[in-house]
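The structure appears right after this line, and notes come after that.
The values are calculated or read from the model by the stated rules, or taken from the named source; none is laboratory data. Quick caveat, the model's predicted, so the values are computed rather than measured. Methodologically, a virtual Cβ is constructed for each residue, glycine included, from the backbone with ideal geometry; neighbour enumeration extends over all protein chains shown. Remember, those area values only see protein heavy atoms, side chains included, never the ligands or the DNA or RNA. Shrake-Rupley method; radii C 1.70, N 1.55, O 1.52, S 1.80 Å.
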Amino acid sequence: MQEELLVSVISPCYNGEKYLKHFLESLLEQTYSNVEFIIVNDGSNDNSEKIILSYKDKIEKKGWTFKYIFQENKGQAAAINRGLSIFKGKYLMWVDSDDILKKDNIKHKVDFLNKNPECGMVICETEVVNENNLNKRIKILKRHNKKQKNDNLFLDLIIGYNVYYPPGGYMITREAFENSIPKQIYESRIGQNWQMLLPIVYNYKCGYLSEILFTYVIRKQSHSRQKRGEQELLKQNKEQENTLKIVINDINMKDESEKERYLKLVEIAGNDEIPF
């Protein structure tokens, strides 16, 4: 029997006492055994720490490595960076701690990447549910017509077309990470998934699993669902634009004219809110 390669799962958490249990229970149900779980408490002032540490023995009994880090509140990108600085896995996931992984999420992604070494990343299909009814599927998120010759996942991630961003649907290889991303991502308060995904898909082929392996939970109080005034929306759009420009500028592209085209596209799209 082939030895399982190590997978690192990095999870930022901020004030997650209301939803951590579902997430942590989904980890316990995973069918893959060789996992390094790194959870970064981003300055929570509720019972998140107590809940997280109550699962330490259960997760270690499963055979996983459990690493808990506390930091002052700096945002998700900074929390992810703490994990990126220490992870050891052959494969990497960064998962929000308010979502739910299907039991074969890790295993099936690893199986795919093992069989398709030309891919630096794999994406599964995702179901969307509401926090008030986790058993009722609202819709399915997936990339359509992905086999078209003119498929451009890099461009579509920038403009928010035919893609989704919740990170529980993704897994990347350590090789792709090390060859595409600096040791840490830009610590903005927004757009961390762009920073992880865009450099990978520019440099590596992406694979797709036609399976629903992840549950994305819509929450009334989540950052992306809160109603914002006009000024706040304008500020957010500007932050998104700045983050995208930083990410694109950091990518070693074939020529400067290509980079200029993408940067111009970001400026044009800056008038509309791009989902993150």
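Ordered from longest to shortest, the equivalent ellipsoid semi-axes for the stretch 70-168 are 23, 21, 16 Å, each the square root of 5 times a Cα gyration tensor eigenvalue. Of the solvent-accessible surface of the chain, computed with a 1.4 Å probe and all protein chains present, 46% belongs to carbon and sulfur.
Each distinct pair of alpha carbons in the stretch 3-90 adds a 1/r term; the inverse of their mean, the Kirkwood radius, is 13.2 Å. Counted as membrane-span-like here are DSSP H helices of the chain whose alpha-carbon atoms extend 27 Å or more along the helix's own axis and whose Kyte-Doolittle mean is -0.5 or above; there are none.
Here, the stretch 1-148 has an Rg and a Dmax of 15.8, 48 Å when only alpha carbons are counted. For the chain, DSSP calls about 30 percent of its internal beta bridges antiparallel.
Relative contact order for the chain: what is it in percent, counting Cα pairs under 8 Å that are at least 6 residues apart?
20
About its Cα centre, the dipole of the chain is roughly 500 debye, where the only charges are +1 on Lys and Arg Cβ and -1 on Asp and Glu Cβ. Semi-axes of the equivalent ellipsoid for the stretch 151-210, computed as √(5λ) from the eigenvalues of its C-alpha gyration tensor and ordered from largest down, come to 17, 15, 11 Å.
Computed from the C-beta positions of ASN132 and ASN73 and an R0 of 41 Å, the FRET efficiency is 0.90 to the nearest 0.05.
At a probe radius of 1.4 angstrom, the accessible area of the chain per residue rounds to 51 square angstrom. Here the Gaussian network model covers the chain, with springs between Cα atoms less than 10 Å apart; of ASN81, ASN15, ASN145, ASN145 fluctuates the most.
Scaling against 2.2 N^0.38 Å puts the C-alpha radius of gyration of the chain at 0.97.
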